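Structure record follows, encoded as structure tokens.
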There are 2 protein chains.
Amino acid sequence: MSPSANPVRLGVLGLGRAFTLMLPTFMADSRVKLVAAFDPRPDARTAFAQTFGGRVHESAEAVCADPDVEWVYVATPHQMHAEQVQLAARHGKHVLVEKPMALSLADCAKMIDVCEVAGTQLIVGHSHSFNAPVLLARQLIDSGAFGRVCMVHAMQYTDFLYRPRRPEELDTAQGGGVVFSQAAHQVDIVRLLAGGEVSSVRALTGRWDPTRPTEGAYSALLTFANGAFASATYNGYGFYDTDLLMDGVGEMGRPKSRDAHYQTRVRMKTVTDEAQEAAVKTERNFGGSLFTLAATEAPDACQHFGPVLVSCEHGDLRLTPRGVQVFDENGSRFVPAVVPAVPRAEVIDELWTVARESRVPLHGGRWSQATVEVCLALLESQRAGQDIMLKHQVALPRH
Amino acid sequence: MSPSANPVRLGVLGLGRAFTLMLPTFMADSRVKLVAAFDPRPDARTAFAQTFGGRVHESAEAVCADPDVEWVYVATPHQMHAEQVQLAARHGKHVLVEKPMALSLADCAKMIDVCEVAGTQLIVGHSHSFNAPVLLARQLIDSGAFGRVCMVHAMQYTDFLYRPRRPEELDTAQGGGVVFSQAAHQVDIVRLLAGGEVSSVRALTGRWDPTRPTEGAYSALLTFANGAFASATYNGYGFYDTDLLMDGVGEMGRPKSRDAHYQTRVRMKTVTDEAQEAAVKTERNFGGSLFTLAATEAPDACQHFGPVLVSCEHGDLRLTPRGVQVFDENGSRFVPAVVPAVPRAEVIDELWTVARESRVPLHGGRWSQATVEVCLALLESQRAGQDIMLKHQVALPRH
């Protein structure tokens, strides 16, 4: 049976930014079908019904109760993930939930428990650790050709803080700032490459713009149970753009203007107040007046999350938007990744293997709880001024 | 009076690697004259006399006692710096001593004290914090145009551990490994850019090759009294080469082969034992059978120490081998550094202003002791598994 004859039937909670970013994937990948949705914006519901012919509901619970829904895709704001994942599981639905999984370890634990009791699957994503070059680097490491991983170095300078935001996205207590939103990507990548089990975290975070009072930058040192260590730095106030080191390819795998960060700040100057800023963001999302469907033609590069270097005993791996550059005792060579025909198809790959092939998810509940634990430790280390020892870490599952 | 009419008269202790690297500078810069030297290798002494017409002595003390010597340039192995600086000062000589200043804070303190009592000047260098783009970035920061420094990010991947070494260079207790030899550069640069006064250090160090049993890599987080923080990573086992991010210009300011690190490892395979390896190194130095004078024509780029990013409130500064790329609210622009006509002329600039213009050294004893304190804290933080608080830090002197 071809995948399209039995697509995974998704019910969507939240048609906002996360959904908008996944939309090209859903539209182009025949392994999934969007059958139902809820969003508080009537325009978004109408657009959903028109675009997908799916049912629109008046509540999240109604989506979860819809008998045609097989998996619930939770794409609501961060602080709603925990409750909605449990709701879905209690209705017997499997769940794909956007990162960050939740804002507390207690919430993560509840989500895992409720899914286990219900016997439902849980995948956390999209995150950039799904990207093909990351998975390719992991395969190269697993080949054993380079010996053990000794050090991972990751850095990313973006305009994150100056993209249009809702007020809660600038409030750490509500899951705002770069630690919840961006470390969730970077830490997941670093864990995936270094083996998963973080022992300790020491981090410094920066709040440099009093008009956007949340963490906009961090730098962290992670130690791993296997002896590796990692350095991860993120600057969401970036005037500089690390995509200049990524062949000029942006996070979404598309060519990026060299002055994109400058243009972001120019646009920010047109913002007059919080409400207008939030409205601009909303109107760019699915169903909004400024919505445009992202290009759906196959990109020639993968999505990425900035420069990442993996130093092994016998070689260094440099992730690029198109694969992995290997530097070892034989010199240097490029190992191309298979650029997915549909952006973020890697998420549907994992969803499909779990839903239709009974495979264990790579980005399951316990794996993703461990990433949340590291993110929380970044904040806690800044507060406490010392190392934070971790307790909920797990190794990469045998996928 | 032109500088060449009254050059600073240097007596040299040690005609080895450090001297060999400074040789093109000494030969081309008329502000200095080499008048005396001591090295245990007779061939080196003979070459010195032939090349410079200077006096060769049979001991370090004899150089220090030579009435024609005005400044003593201490370029011996790390572990000899402390004693020889004191020897020079007790003979009333000013001192230029190679980095690292010494291997312990107690030794640094003695050196400072003895020089103060003797009324002699003390400059520590060359280090790469003398490089013109570093000093240019500092000037740009001091202009106030970018607000305060919030974060510095520095990284450097080299073949350090696989260049020919003497056994002591692979023994941390004798000042070997990348912390003493290379953090001395990187930490000095980071301090110079972030303001100088480090409050705390958390670092992880790597010893990944049991055949070269010293620190070959580290990653560190530094906090500063002014609220800035920094991340510094060094990998001396690098298969990868961060000079690929520096316009293909090597540390010495010259074009560098893309496969230089591979070639280093190929050469290392021809090494049969410690003694042969040390001999190879010695023979490449001044007076040795494999010595060749480095190119003296003016390079078209400055010396550098890998990618360095300074994030200020109102702009990011990216150091390049030819200047500073500025990214700010007006977009991006390049501010060229004045590439010195003689490599490392910046060291002679500082020497000259101190010796002939009564200026305070930028890289004086207390400044450099503070850099040694940070380097020692890198090692101590790895041992203790926690932050190390610092006590001997000083701000950048008003130069």
Legend entry - Separation between Cα centres of region B:328-390 and region B:145-217, rounded to whole Å: 13 Å
Inset, instruction - Compute the signed sum of charges (Lys and Arg +1, Asp and Glu -1) over the other residues within less than 11 Å, Cβ to Cβ, of B:P133. - result: +2
Inset, instruction - Could you check the simple spin-label distance between A:D113 and A:D273, using points 7 Å along Cα→Cβ, in nm with one decimal? - result: 4.4 nm
Legend entry - Exam field: A:T270 pseudo-label spacings to other copies (7 Å along Cα-Cβ), nanometres: 6.3
Inset, instruction - Select the chain B residue whose beta carbon lies nearest to the rotation axis carrying chain B onto chain A, and write the distance in whole Å. - result: B:R202, 2
Inset, instruction - Compute the signed sum of charges (Lys and Arg +1, Asp and Glu -1) over the other residues within less than 15 Å, Cβ to Cβ, of A:Q182. - result: -1
Legend entry - Antiparallel bridge percentage (DSSP; both residues within chain B; nearest 5): 60 percent
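Can you tell me how chain A classifies by the Cα gyration tensor, rounded, prolate or oblate, using a/c under 1.5 as the rounded cut?
On the way: a/c = 1.36, a/b = 1.20, b/c = 1.13.
Judged from the Cα gyration tensor, chain A comes out rounded (a/c under 1.5).
Give, in nm to one decimal, the length gained when the segment between A:M389 and A:D247 is fully stretched (0.36 nm per residue of separation minus the Cα-Cα distance).
Net length gain for the segment: 47.4 nm.
From the square roots a ≥ b ≥ c of the eigenvalues of the alpha-carbon gyration tensor of region B:287-363, which class results: rounded (a/c under 1.5), prolate (a/b over b/c), or oblate?
Cα axes put region B:287-363 in the oblate bin.
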Inset, instruction - Using a/c under 1.5 as the rounded threshold, could you call region A:108-188 rounded, prolate or oblate? The axes a ≥ b ≥ c are square roots of the C-alpha gyration tensor eigenvalues, and prolate needs a/b larger than b/c, oblate otherwise. - result: oblate
Inset, instruction - Sort shortest first the distances from B:S289 to its counterpart in every other copy, using label points 7 Å along the Cα-to-beta-carbon line, and give them in nm. - result: 8.5
Legend entry - Averaged over A:146-158, number of beta-carbon atoms from partner chains that fall within 10 Å: 3
Legend entry - Cα→Cβ-extended label distance, 7 Å offset, between B:E357 and A:A298, nm: 6.3 nm
Legend entry - Pair A:A62, B:Q50: separation of 7 Å Cα→Cβ label points (nm): 9.5 nm
Legend entry - Shielding by partners, peptide B:329-340 (average Cβ within 10 angstrom, other chains): 2
Inset, instruction - Show that you can apply the helix-only estimate: for chain B, add -39,500 (n - 2.57) for every DSSP H stretch of four or more residues, divide by all residues, and state [θ] at 222 nm to the nearest 500. - result: -10000 deg cm²/dmol
Inset, instruction - Please figure out what share of the DSSP beta bridges in region A:145-283 is antiparallel and state it in percent, rounded to the nearest 5. - result: 70 percent
Legend entry - Among the listed pairs A:K256/A:K281; A:K99/A:K281; B:K256/B:K281; B:K33/B:K110; A:K99/A:K269, those beyond 22 Å (Cα-Cα): B:K33/B:K110; A:K99/A:K269
Inset, instruction - List the residues whose amide H sits under 5 Å from the amide H of B:M155, counting only those 5 or more places along or on another chain, with H placed 1.01 Å from N in the peptide plane. - result: B:T233
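Relative contact order for chain A: what is it in percent, counting Cα pairs under 8 Å that are at least 6 residues apart?
Once normalised by length, the contact order is 20 percent.
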Inset, instruction - Just tell me how shielded B:197-208 is by partners: mean number of partner chain Cβ atoms within 10 Å of each residue's Cβ, no decimals. - result: 4
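All of the numbers you see were taken from the coordinates with simple rules; none came from a lab. Everything numeric in this text was worked out from a predicted model, so none of it was measured. Quick reminder, even Gly has a Cβ in these numbers, built from the backbone with ideal geometry, and neighbours come from all protein chains shown.
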